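Inspection log for the structure reproduced underneath, given as structure tokens.
The values are calculated or read from the model by the stated rules, or taken from the named source; none is laboratory data. Since we're looking at a predicted model, the values are computed, not measured. No Cβ is skipped: glycine too gets one built from the backbone with ideal geometry, and neighbour counts run over all protein chains shown. Heavy atoms of the whole protein, side chains included, go into the accessibility calculation; ligands, DNA and RNA do not. Shrake-Rupley method; radii C 1.70, N 1.55, O 1.52, S 1.80 Å.
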Amino acid sequence: MKYEYILWDLDGTLTESGEGIINSVLYALEKMGIHETDREKLAAFVGPPLLESFSVFYGMAPEKAKEAMGYYREYFVERGMFENKIYPGITEALARLGQAGYKLAVATSKPEVFAKKILEHFGLTQYFVMIGGSSLDEKRSGKAEVIRYVMEALNLDSPDGLHGRILMVGDRKHDVEGAAENGIPCAGVLYGYGSREELERAGAVMICDTAEELAKMLLADEKI
């Protein structure tokens, strides 16, 4: 196999989490006195770190962004995390790759405690050797930081590690750029929330339309 470890993004890659994330953002914005009517605009919140999104898209100062994130989590913990569903073909792809000898892990900007609950809820925990995410205190939040954290935990960043045999999989430029910061390639998927143009511009080494296509390419040991 060209790769041995495959690190997976969660939102937009393993699960279609947009509804819960958007509802949580709407709740937070209302609490902050902002009445947003364009749900499509809020799809941009799926994937990137929350503090960054509240700051970039609504011009919130750091303290205000933290306050909004607190409201976001109120709704997310109650309902939002389960307003979610697995993408078609994901379970089958994970099972096939695991059976073929690939070691799978999750590297998500979502807080690790929530990521674990979501994957357990959908019965996906069994496929991963590690589920890594951001910390609730935001000390570890960016995608590059999360990927580095997972690599370190799996001893993949050491001189005798498998640094050259790791592939990240994600749907947004943050996944591609975060992987690149850690010296590893990233495959992009188009069924999530990013576009082909976004993924190509960021430098994805391959782009797949479906989870099935991704699994087939890896199992065929195609050069990527």
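Observations, loosely collected:
- Complete set of residues in the stretch 54-76 that are out of contact with any Ser or Thr (no Cβ under 9 Å at 6 or more places or on another chain) and within 23 Å of Lys117 (Cα to Cα): Lys66, Ala68, Met69, Gly70
- For the condition open to solvent by less than 60 Å² (accessible area, probe 1.4 Å), aliphatic (A, V, I, L, M), within 22 Å of Tyr149 (Cβ to Cβ) and at pLDDT 95 or above, Leu50 does not qualify.
- Selection within the stretch 60-87 - among the acidic types (Asp, Glu) and in contact with an Asp or Glu (Cβ under 8 Å, 6 or more places away or on another chain): Glu83
- Those residues of the stretch 170-206 which are open to solvent by 50 Å² or more (accessible area, probe 1.4 Å) and more than 17 Å from Ile6 (Cβ to Cβ), in sequence order: Lys173, Glu177, Glu181, Tyr193, Ser195, Arg196, Glu197, Glu200, Arg201
Residue by residue, here is whether (1) over 15 Å from the mean Cα position of the chain (by Cα); (2) at pLDDT 95 or above; (3) open to solvent by less than 50 Å² (accessible area, probe 1.4 Å) holds:
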site: Glu83; (1), (2), (3): yes, yes, yes
site: Leu104; (1), (2), (3): no, yes, yes
site: Ala115; (1), (2), (3): no, yes, yes
site: Val150; (1), (2), (3): no, yes, yes
site: Asn155; (1), (2), (3): yes, no, no
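- Condition met for Leu119 (surrounded by fewer than 21 Cβ atoms within 10 Å (Cβ to Cβ), at pLDDT 95 or above, touching a helix residue (DSSP H, G or I) at 6+ places or on another chain (Cβ under 7 Å) and within 28 Å of Arg39 (Cα to Cα)): no
- Filtering the stretch 101-135 to residues that are touching a Leu at 6+ places or on another chain (Cβ under 6 Å) and small (Gly, Ala, Ser) leaves Ala105, Ala107, Ala115.
- The set of residues in the stretch 30-47 that are surrounded by 10 or more Cβ atoms within 10 Å (Cβ to Cβ), within 23 Å of the chain's Cα centre (by Cα) and not basic (Lys, Arg) comprises Leu42, Ala43, Ala44, Phe45, Val46, Gly47.
- Which listed residue is of a type in the set (Lys, Arg) and in contact with a strand residue (DSSP E or B) (Cβ under 8 Å, 6 or more places away or on another chain), from Lys31, Lys85, Lys66: Lys85
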